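Shown next, in structure tokens, is the structure this report addresses.
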Amino acid sequence: MGAIYLIRHGQASFGSSDYDQLSELGHRQAQVLGASLRSRVPQVDHVYCGGMRRHRETAENCLNAMGQNPIWHDDHGWAEYDHVAILAAYQPRWADQVLMKNEVAAMPQSRKFFQEAFAAAVARWVAGEHDQDYPESWDAFCVRVGAALQRLRSAMEKSQTAMVFTSGGPISALAQQLLGIPRERTFRLNWTLANCGVTKLIYSERDLYLGTLNEHSCFEGPHSDLITYR
């Protein structure tokens, strides 16, 4: 049996000029995760990133802490969905990101307001009734992620280990498929995925199984201040 570790990126820089980078806390999360994996995963045969900056920064911090060579292959099949396009389809004026940030910031409970709006926007996308409004439909996104997984499995030999640094969307899409969760409930799972949480897939020559989902025990106890979900 071989193993594929899907690692969600560390906390990104929400509200900054460049969301696609780790916050200071996100760097620390990746380092703590790597230290915890050092003895648990002594050999890594394949490492992939989704091609986004936050994936690469998570990989670099984690692999260095593991004592592994920080080298990986980029496969954009593991990239996150386009949240800007999803929000703009839900509320067209939010195609202007500056306008959106200003409107959100003006709300009394800005984080709650944004989370509720984003959840509604994603639900509209996943429902599949307005696919023409999106550059990538939910079904197309799932196909893309599934193809990335298939490419990885094709590159792996028997009983090897791979690490994939990706985002919550691809992890949720694969979990939904493997567990048979109704598509409309996929993002109930996504909202609970911790930054730098680990989802482990077990594979054999004949099948693929979900071994663990969103494991983040390395952040419990003395590191509980590192648990974040956004």
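The values are calculated or read from the model by the stated rules, or taken from the named source; none is laboratory data. The model shown is predicted, which means the values in this text are computed figures rather than measured ones. Here the Cβ positions follow ideal geometry from the backbone for every residue, glycine too, while neighbour counts run over all protein chains shown. For accessibility, only protein heavy atoms count, side chains too; no ligands or nucleic acids. Shrake-Rupley method; radii C 1.70, N 1.55, O 1.52, S 1.80 Å.
How much net charge surrounds S36 when only the other residues with a Cβ under 12 Å from the Cβ of S36 are counted, with Lys and Arg +1 and Asp and Glu -1?
Net charge around S36: 0.
So what J values fall out for segment 28-34 if you push phi through Karplus, 6.51 cos²θ - 1.76 cosθ + 1.60 with θ = phi - 60°, rounded to Hz, Gly and Pro as x?
5, 4, 5, 5, 5, 4, x
Using a 1.4 Å probe, how large is the accessible area of W78, given in Å² and rounded to the nearest 10?
0 Å²
Pull up all non-local amide H partners of Y81: gap of 5 or more, or a different chain, and H-to-H distance under 5 Å with H placed in the peptide plane.
Hits under the 5 Å cutoff: G169.
Any idea how far the Cα center of segment 213-230 sits from the one of segment 174-192, in Å?
So the two Cα centres are separated by 21 Å.
With the Cα gyration tensor of the chain in hand, give its eigenvalues times 5 under a square root as the equivalent ellipsoid semi-axes, listed largest first in whole angstrom.
Here the semi-axes work out to 29, 22, 15 Å.
Using per-residue counts of other Cβ atoms within 10 Å, averaged over each peptide, order 100-113, 36-49 from highest down.
Descending packing order for the listed peptides: 36-49, 100-113.
Enumerate the lysines that K200 could reach by cross-link, defined here as Cα to Cα under 25 Å, with residues fewer than 8 away along the same chain left out.
Reachable lysines: K158.
Summarise the accessible area of the chain (1.4 Å probe, protein heavy atoms) by the percent that is carbon and sulfur. Please report the intermediate quantities before stating the final value.
Numbers: 5540 of 11110 Å².
For the chain, the apolar C and S fraction of the accessible surface comes to 50 percent.
Amide H neighbours of G10 under 5 Å, counting only residues 5+ apart in sequence or on other chains, H built in-plane at 1.01 Å?
T58, C196
Could you report segment 71-228's accessible area per residue, 1.4 Å probe, as an integer in Å²?
Counting only protein heavy atoms, the per-residue value for segment 71-228 is 50 Å².
Probe 1.4 Å, all protein chains in place: accessible area of E129 in Å², nearest 10?
That residue has around 140 Å² of solvent-accessible surface.
Please state the relative contact order of the chain as a whole percent: Cα pairs under 8 Å, 6+ residues apart? Let's see the in-between values first.
Values: 381 pairs, mean separation 72.3, N = 230.
Computed over the chain, the figure is 31 percent.
Can you list the residues, at least 5 places off or on another chain, whose amide H is less than 5 Å from the amide H of H73, using H built in the peptide plane?
Under 5 Å from the amide H of H73 lie the amide H atoms of V47, Y48, C49, each far enough along the sequence or on another chain.
Keeping all protein chains in position, work out how much accessible area H216 exposes to a 1.4 Å probe, and write it in Å² to the nearest 10.
Looks like 30 Å² after rounding.
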